[in-house]
Amino acid sequence: MKGKSIKRFILFAALIVMVNIALDQSFKAFSVHNILNRRMDEQFAAYNDTLKYLALGNSHNCINTYILENSFNYGSPSENYIQSYYKLKHILEKTDKKPEYVILQADISTYGPKIADRYEYNSYWIDYIDYPELARIKGDRTILTKWLEGNFFSYAGNYKDVQLSILYRIKIRKLEMHNGYRPHRDYRNFAEETNKRKLAWDKANLFLSKDAYFDPSIKAYFEKILQLCEAHQVKVIMVRYPMTKEFHEEEMKIVPADKLFSEINTIASRYPVFEGLFDYHSLFFDHPEYFFDPDHLNIKGSDLFTRKFAADMKLLESGLFTEQPGK
Amino acid sequence: MLFNSFEYLLFLPLVVALYFTIPVKWRWLLLLLASYFFYMCWKAEYAILILFTTLVDYFVALKMGSEPSRKRKKRWLVMSILVNLGMLAGFKYLNFFSESVNALLQITNSGYSFPLYHILLPVGISFYIFQSLSYTIDVYRGIQPPEKHFGKFALYVSFFPQLVAGPIERSTSLLPQINAPRPFNQQNLVSGLKLILWGFFKKLVIADRLGMFVGLVYENPGEFNGLPVILATVLFAFQLYCDFSGYTDIARGSARIMGYELMINFNRPLIATSLRDFWNRWHISLTTWFRDYLLYSLPYIRDRKIVQSKIYRNLVLTFLLMGLWHGAAWTFILFGLFHGLMLVVESMAEKPVARFHEITGISNYPGFLKALGITYMFTILVFSLFFFRASSLDNSLLLLSDAFDFSNTAGSVKALLRNLEFVFGILMVAVLLIAEHVHAKYNLVKVIAARPSIVRWPVYIGFIFFVLLFGVLHQQKFIYFQF
């Protein structure tokens, strides 16, 4: 290679680096998920009240913090147990905030390999996740590329986030957030859908796999969450959130729910901090109008659910439960 | 190690940098070590198999080279063929054979069954075994002298850019390149990088995107009907092409950077005007392998006369085996058999069809004839892909019957058009077809290369970031790795 060629090569490489930095930074600033998650972080940092309930999980988590007193909803889109663990670890070990209860999502879709292998929004999660540890636990060195993605190539392969960010900006003009809770999406109503079964099938197959229902890495991180809570004496409540009847039926075709929850109960009951699994999945089977889509409550649905949950928590604390919570 | 992994993006520059830094006489060793490392990233034990094939064929070729008697040479060749195909049979076909025989025994209620083994198919075994076999056959035929340098022969069998999914190189082409010094060439570097980028576009932007939709339909047989099933199969043709030719482009680009020229494996096969034309353009290194080492070796003469029926029989047999080469399943056998039979039909109909074209005057409209030919070829191809893609024979038949159930078509179309991912995938297929057409006519690469840097660079940089942003970066395996 001659001197001139080397100079041109270096110039070309420098241009690529510059464009990459510009794209990376623009994406981080533009991505609606980054904006939402960072806002949640800010609100959590500014939260000075008594922290009784800390809800973790993904978009199924619909705890309305206006209704449930002294609560913070720290759930974020697509969050799995792996991410929840690292976020909780950060909270318990690096902040002075210690909740009395951690509310952990326990939907069927929380435990499968499709959720376990979903690593989105790494530009946000790099602040929490110990990627080398995760790669070691999962026995998958390709996870380290997620660290690289989060740090330097946040936009790479994330065209969907760009599309979503544009849609969000059009559909949700002002961002309302209270102690991490955002009013759920409300521009559609599942009761009005003509192809409910097909929508439910699509969603169930997006999250669940026929051949596996409890991913080993999710199991490992589930235990880690319980161990962490045990070490910090934080009580754990697991919640199966309400879903439509159609979605539940499609889930049942794919996953042996009895086996799954028997395994979950066996693991959780080994930890004294585990307070119980509150099962609300069938709460609104006869009310499709409370849903935005097959597996997400709308504003009215989440309000009603939170009231029910708050009432159940009172019963639990007063020791008046006569049947399984959620019924 | 996948081409579409971050590891490969580190591995390739490192190997290239070392390759041009160390003395020429040690370069073969570097490439050999790199190739074994590349292969062992899947499973270290696999290296034993490739080493065994290499050892056997190295010594067999040396023996053949020193053997004056043709008869004895043949014995050595038979040994090489038996060992290589035996390995392939053991690792790839044993369970398929046992399952098929067991199914037969079950029908006859014999009470006996063959045991099934948990054998993990070594990645790329069909490719490197065929490459190694072509060498011993060429030595036997006297086309290729035996390679005396074991390390260089081992490199020929394991050269990492084409090790796991071809192109299946001939020793007459690759060995001389390994033996000659390959000095650094800036043009090779630039053109190799362009080829790699184009390969990534095909794989990440098109193939893996279409794969999401195709997978949804094919992994849930019975859930879709009508248009979605047909569309999924049509798109699978493009997915398969982009996946495999994308792999080949990355392989050829990687090799070219180091000064090695690998054979062209695809020549716009989806615009072929007949099935014969298609097989002249698709996976060329495999079809020519079967042509040169099997088809042409099968007997077709009786009483010093060419027997047409024997040629047809040979053709069907060759394609049946080609189908079986793709995978140990009845679906692949049917795929090959169907193509073989259709080629026979095509061959038999060639003259009457040409006469019909002349009588009706259609031959005066070459554009129309071409469009007709492409439509015919594509229809036949798509039909056969129902067998190629489905996970079992039952599923392929179920999907085929569902494809002709057009109830709720309007709803399906609406749902598909609402899926931006799907629409974008189709758009990218159109971009690919246009780009390939323009490139074939005007050599797009040269046209862009002739522009000044101020025009050229933004095009390259824009394309790099387009692939990065719109690529599906889930490190999906290449489809042909399973073969």
>> How many angstrom lie between the Cα centre of segment B:239-311 and the Cα centre of segment A:21-43?
In response: 50
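Can you order the peptides B:39-48, A:100-109 by their average number of other Cβ atoms within 10 Å per residue, highest first? Don't jump to the answer; show the numbers that get you there.
Values: B:39-48: 15.0, A:100-109: 22.9.
Top of the packing list down: A:100-109, B:39-48.
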> Rounded, prolate or oblate: which one fits chain B, using the alpha carbon gyration tensor with axes a ≥ b ≥ c (rounded when a/c is under 1.5, else prolate when a/b beats b/c, else oblate)?
Replying inline: rounded
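Around A:Tyr241, under 10 Å between beta carbons, what's the net of Lys plus Arg minus Asp minus Glu among the other residues?
Numbers: positive: A:Arg240; negative: A:Asp107, A:Asp279, A:Asp295.
Net charge around A:Tyr241: -2.
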>> Whole-Hz ³J(HN,Hα) for each residue in segment B:248-259, computed from phi via Karplus 6.51 cos²θ - 1.76 cosθ + 1.60 with θ = phi - 60°, x for glycine and proline: what do you get?
In response: 4, 4, 5, 5, 5, x, 4, 5, 4, 4, 8, x
> What residues have an amide H closer than 5 Å to that of A:Tyr181, excluding those fewer than 5 places away on the same chain, when H is modeled at 1.01 Å from N in the peptide plane?
Replying inline: A:Thr65, A:Asn73
>> Among A:Lys314, A:Lys224, A:Lys300, which one shows the highest mean-square fluctuation when chain A is modelled as a Gaussian network with alpha-carbon springs under 10 Å?
In response: A:Lys314
>> What does DSSP give for the protein assembly as shown in terms of the percent of beta bridges that are antiparallel, rounded to the nearest 5?
In response: 25
> Short version: ³J(HN,Hα) in whole Hz for each residue of segment B:58-63, in order, from phi by Karplus 6.51 cos²θ - 1.76 cosθ + 1.60 (θ = phi - 60°), x for Gly and Pro, what are they?
Replying inline: 5, 6, 4, 5, 4, 4
> Antiparallel DSSP bridges in chain A: what percent, to the nearest 5?
Replying inline: 15
>> Can you give me the C-alpha center-to-center distance between segment B:354-406 and segment A:65-83, rounded to a whole angstrom?
In response: 54
> Counting Lys and Arg as +1 and Asp and Glu as -1, what is the net charge of the other residues whose Cβ lies under 14 Å from the Cβ of B:Leu163?
Replying inline: +1
> Just how far, in whole angstrom, is segment B:98-138 from segment B:142-187 if you go by their alpha carbon centroids?
Replying inline: 29
> What Rg and what Dmax come out for segment B:6-183 when only alpha-carbon atoms are used, in angstroms?
Replying inline: 19.2, 67
> Residue by residue, what Karplus-based ³J(HN,Hα) values in Hz, rounded to whole numbers, does segment A:291-302 have, using 6.51, -1.76 and 1.60 with θ = phi - 60° and x for Gly and Pro?
Replying inline: 10, 7, 8, x, 10, 10, 6, 8, 4, 4, x, 5
> GNM on chain A, C-alpha springs below 10 Å: top fluctuator among A:Lys259, A:Lys87, A:Lys146?
Replying inline: A:Lys259
>> Taking 19 Å as the cut-off for C-alpha to C-alpha distance, list the pairs among B:Lys63/B:Lys148; A:Lys52/A:Lys224; A:Lys219/A:Lys253; A:Lys203/A:Lys245; B:Lys25/B:Lys148 that go past it.
In response: A:Lys52/A:Lys224; A:Lys219/A:Lys253
>> As a test of the formula, what do you get for chain A when each DSSP H run with n ≥ 4 contributes -39,500 (n - 2.57) and the sum is divided by the residue count, at 222 nm and rounded to the nearest 500 deg cm²/dmol?
In response: -16000 deg cm²/dmol
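Lys and Arg at +1, Asp and Glu at -1: add these up for the other residues within a Cβ distance under 14 Å of B:Leu341 and post the number. Mind dumping the intermediate values first?
On the way: positive: B:Arg276, B:Arg313; negative: B:Glu346.
Neighbour charge sum, excluding B:Leu341 itself: +1.
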> Taking amide hydrogens as modeled 1.01 Å from N in the peptide plane, which residues meet the under 5 Å criterion relative to A:Val239, leaving out close sequence neighbours?
Replying inline: A:Leu104, A:Gln105, A:Ala106, A:Phe278
>> Quick query: amide H of A:Asp215 versus all other amide H atoms, modeled in the peptide plane; which residues come in under 5 Å with a sequence gap of 5 or more or a different chain?
In response: A:Gly112
>> If I build a Gaussian network model for chain A, linking alpha-carbon pairs within less than 10 angstrom, which residue out of A:Ala46, A:Ala14, A:Ala116 has the largest mean-square fluctuation?
In response: A:Ala14
> Residues of B:39-51, mean number of Cβ from any other protein chain within 10 Å of their own Cβ, rounded to a whole number?
Replying inline: 0
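How big is the Rg/Rh ratio for segment A:123-232, C-alpha atoms only, Rh by Kirkwood, two decimals?
Values: Rg = 18.6 Å, Rh = 18.1 Å.
On the Cα set of segment A:123-232, Rg over Rh gives 1.02.
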> In the protein assembly as shown, how does Rg compare with the Kirkwood Rh, expressed as the Rg/Rh ratio over alpha carbon atoms?
Replying inline: 1.01
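Would you calculate a helix-derived [θ] at 222 nm for chain B, using -39,500 (n - 2.57) for each DSSP H run of n ≥ 4 and dividing by the full residue count, to the nearest 500? Mind dumping the intermediate values first?
Values: 21 runs with 335 residues, N = 483.
Dividing the helical sum by the residues of chain B leaves -23000 deg cm²/dmol.
Each reported figure results from applying straightforward, stated rules to the coordinates on display, with no laboratory input. Worth saying up front: this structure is predicted, and the values here are computed from it rather than measured. Ideal geometry is used to build each Cβ from the backbone, glycine not excepted, and the neighbour counts take in all protein chains shown.
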